[in-house]
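The values are calculated or read from the model by the stated rules, or taken from the named source; none is laboratory data. Keep in mind the model is a prediction, meaning the values are calculated, not measured. Cβ atoms come from the backbone with ideal geometry, glycine included; neighbour counts cover every protein chain shown.
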Amino acid sequence: MKTLEITLKKSLITTTPKQRKTAQAMGLTKINKSVVKNDTETTRGMIRIIAHLVDVVEK
């Protein structure tokens with residue numbers, strides 16, 4: 001199965017509560033922190049919510 005490396009690149013300070021909760025649920029708490037997740041529809045949906053804050057690399 002494909003995996004995605006997701007890195008938080010921008011601050012969560014000026015984001016909406018939904019965006020903050022999504023980032024926290026993915027394990028992204030600090031700038032430049034990366035997590036590896038399976039490439040599923042759920043993960044892609046979460047990425048869409050915070051796409052302007054993260055960088056995604058397919059592996």
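Could you list, in sequence order, the residues of region 25-47 that are surrounded by 11 or more Cβ atoms within 10 Å (Cβ to Cβ) and not in a loop (DSSP other than H, G, I, E, B)?
Matches in region 25-47: SER34, VAL35, VAL36, LYS37, THR43, ARG44, MET46, ILE47.
Quick check on THR22: is it surrounded by 11 or more Cβ atoms within 10 Å (Cβ to Cβ), of a type outside the set (A, V, I, L, M, F, W, C) and touching a strand residue (DSSP E or B) at 6+ places or on another chain (Cβ under 7 Å)?
No: the conditions fail for THR22.
Of the conditions (1) aliphatic (A, V, I, L, M); (2) surrounded by 14 or more Cβ atoms within 10 Å (Cβ to Cβ); (3) at pLDDT below 95, MET1 fails just one. Which one is it?
Condition not satisfied by MET1: (2).
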